[in-house]
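Undergrad: Please see the structure below; I have some questions.
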Amino acid sequence: MIRSPFHFRIRNLPYICGMAKIKTAFICQECGTQHIKWQGQCSGCQAWGSLVEEKLDPRMSGSKSSAKPGKSWTMKSAPKPLSEIETSQEIRHLTPDAEMNRVLGGGIVPGSVTLIGGEPGIGKSTLLLQLALQLAPLNILYVSGEESESQIKMRAGRIAYQNDNLLVATETLIERILDFMDELAPQVVVIDSIQTMYTEQIESAPGSVSQVRESTARLIRQAKDRGIPMFLVGHINKEGSIAGPKVLEHMVDTVLTFEGDQHNSYRIVRTNKNRFGSTMEIGIYEMMAQGLREVSNPSEIFLSASDEQFSGVCISATMEGMRPLLVEIQALVSPMAYGNAQRSATGFDLRRLNMLLAVLEKRCGFKLGVQDVFINITGGLKVEDPAVDLALICAVISSLHDLPVDPATAFAAEVGLSGEIRSISRLEPRIAEAAKLGFKTIFVAKSQVASLGKVSADIEVVGVGKLEEVFRRVFGGE
Ligand code: TYD
Ligand code: MG
């Protein structure tokens, strides 16, 4: 929006002259910084064109409270010793969805507010509607500001769960939603999405920073007062973080993100913040025609079922959060097709691939500078765990020499710049997962073998110190 300087002079005149109290501010929609005047660039986050004029209300949360001390705090908010405080937080409601229980830290805590963010179309509404349907016989209020009643009914028809206690409302006004909560006394509330909601107390448009902040604050207050757990859907912006002010993530108890690859049916729920549990947990689902299916044994989906032996394929025992996961790493090494050797990696950091190829070239003498190298992590997974280094290097050498690796062999070690095999975190659960899936041998760092706890007798744990030792054992005499 282009505005003339004259426009601002007139509009801001009362503020500058001190004739009236400031009632509007220009708020950055990216970071929430307030400015008295409009300007092209936000002074907080340096974003361009992100300032929007919003009316400020003195009753908004964050402004000074008018409550008089002395009277109001005597009863409920009076300070008391820790030992006298009753906890309701440990009474969690276990849902039938084991993946959701896991990411929430062991079930739904009464009065907790959970925010779920994710790309459009990834399945946030499906996940929450499915959860609401599964929570029978609890009374659920599902408020949608995005879809019509019949669209929600159609979606529910695809999901194979029934819940007669699920009440659906298509409403966007916070005051009315709070009335519904008063009258209907639901046991769980779902709001889809917080960016479509607005409160009458503020005049700016739904989705603007102050609307989102104030609407969330009012919902949270109600959830806490009544002990009703609440789930909020949050849109994400182009940078991938939840749209609106960062303060939204500070206000809620739990922040989950729902991620996945557009071309793949697997979806991962990650815990980014959790006041009631670990943030290391992930939940894995598969998007099916009948809604989301829980994936309780994720390793199986990331390993291909083929019995044939191919060169360039190696299995790595990685960790996703707290869960061990066996993933297949595929490499294709072929003589350079054009003037420059190509390097490409799907699901793996390209810089780390270049580093590992340089280690192979310099420390082990493989001539990879004249080869194109392509890496793929199957299942659309993105792996950042350094423990995949050794499997990746073996996949590259396997493809280079066209020598398949024994499919019953797994790898779990980092590779250092001098070609040394380095130790990694949480080795025992990785070995246990590999043993559970029938792997017979796992290569790990020699330095870790001595301190290793008890592991399954079905798998041979081979400690190696240098890359040459690995190649000798895996490919024989390399
Ligand atoms: P949706 O929950 O609407 O995503 P969001 O709320 O995050 O925008 O998910 C929509 C996608 O999920 C849509 O592309 C269709 C797909 N889908 C299925 O594959 N199976 C199903 O049973 C449902 C309900 C949706
Ligand atoms: Mg949706």
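Undergrad: Any idea how many residues of the range 115-146 are in a loop (DSSP other than H, G, I, E, B), charged (D, E, K, R) and either within 9 Å of ligand 2 (Cβ to nearest atom) or within 18 Å of Phe180 (Cβ to Cβ) (or both)?
TA: The number of residues fulfilling the criteria is 1.
Condition check ((1) modelled with pLDDT of 95 or more; (2) among the basic types (Lys, Arg)) across all residues:
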{"site": "Arg430", "(1), (2)": "no, yes"}
{"site": "Phe443", "(1), (2)": "yes, no"}
{"site": "Gln448", "(1), (2)": "no, no"}
{"site": "Ala457", "(1), (2)": "no, no"}
{"site": "Glu469", "(1), (2)": "no, no"}
{"site": "Gly476", "(1), (2)": "no, no"}
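Undergrad: Further question: Can you name the strands (runs of 3 or more DSSP E) wholly within the range 285-371 that have at least 1 residues being out of contact with any His (no Cβ under 7 Å at 6 or more places or on another chain), within 24 Å of Met100 (Cα to Cα) and assigned by TED's automatic domain parsing to the domain that holds Asn272?
TA: In the range 285-371, the matching strands (runs of 3 or more DSSP E) lie at 291-294.
Undergrad: I would also like to ask the following. Please note which strands (runs of 3 or more DSSP E) are completely contained in the range 405-478 and include at least 2 residues that are among the β-branched types (Val, Ile, Thr).
TA: In the range 405-478, 441-445, 460-464 are the strands (runs of 3 or more DSSP E) which contain 2 or more residues that are among the β-branched types (Val, Ile, Thr).
Undergrad: Go through (1) surrounded by 24 or more Cβ atoms within 10 Å (Cβ to Cβ); (2) free of Cβ contacts under 8 Å to residues at least 40 places away in the same chain for Thr114 and report which single condition fails.
TA: Result: Thr114 passes all but (2).
Undergrad: Assuming Leu127 fulfils every condition listed in (1) buried (at least 23 other Cβ atoms within 10 Å of the Cβ); (2) in contact with a Pro (Cβ under 6 Å, 6 or more places away or on another chain) apart from one, which condition is it?
TA: Status for Leu127: all satisfied but (2).
Undergrad: Only residues that are of a type in the set (A, V, I, L, M, F, W, C) and closer than 14 Å to Asp389 by Cα: list them for the range 400-426, please.
TA: The answer is Ala410, Phe411, Ala412, Ala413, Val415, Leu417, Ile421, Ile424.
Undergrad: For the range 161-177, name all the residues that are under 30 Å from the mean Cα position of the chain (by Cα) and closer than 17 Å to Pro206 by Cα.
TA: Matches in the range 161-177: Thr170, Glu171, Thr172, Leu173, Ile174, Ile177.
Undergrad: Just need a number here: residues in the range 96-148 that are acidic (Asp, Glu) and within 16 Å of Gly283 (Cβ to Cβ).
TA: Residues flagged as acidic (Asp, Glu) and within 16 Å of Gly283 (Cβ to Cβ) within the range 96-148 amount to 2.
Undergrad: Could you check the range 246-269 and list, in sequence order, the residues that are within 15 Å of ligand 1 (Cβ to nearest atom) and surrounded by 14 or more Cβ atoms within 10 Å (Cβ to Cβ)? Walk me through it before giving the result.
TA: Looking only at the range 246-269, we keep the residues that are within 15 Å of ligand 1 (Cβ to nearest atom), and these are 256-269.
Leu256, Thr257, Phe258, Glu259, Gly260, Asp261, Ser265, Tyr266, Arg267, Ile268, Val269, listed by residue number.
Undergrad: Would you confirm whether any residue within the range 101-114 is within 16 Å of ligand 2 (Cβ to nearest atom), modelled with pLDDT of 90 or more and not in a loop (DSSP other than H, G, I, E, B)? Quick ask: steps written out before the conclusion?
TA: From the range 101-114, those within 16 Å of ligand 2 (Cβ to nearest atom) are 114; that's our starting set.
Now restrict to residues that are modelled with pLDDT of 90 or more: 114.
Still in the list and also not in a loop (DSSP other than H, G, I, E, B): 114.
Yes, that holds for at least one residue.
Undergrad: Test Leu219 against the stated conditions and say whether it is in a helix (DSSP H, G or I), within 12 Å of ligand 2 (Cβ to nearest atom), surrounded by 24 or more Cβ atoms within 10 Å (Cβ to Cβ) and in contact (Cβ under 8 Å) with a residue 24 or more places away in the chain.
TA: In short, no.
Undergrad: Could you grab me the full set of residues in the range 403-445 that are within 29 Å of the chain's Cα centre (by Cα) and of a type in the set (Ser, Thr, Tyr)?
TA: Ser423, Ser425
The values are calculated or read from the model by the stated rules, or taken from the named source; none is laboratory data. For clarity, every value in this text was computed on a predicted model and none was experimentally measured. Backbone-built Cβ (ideal geometry, glycine too); neighbour counts: all protein chains shown.
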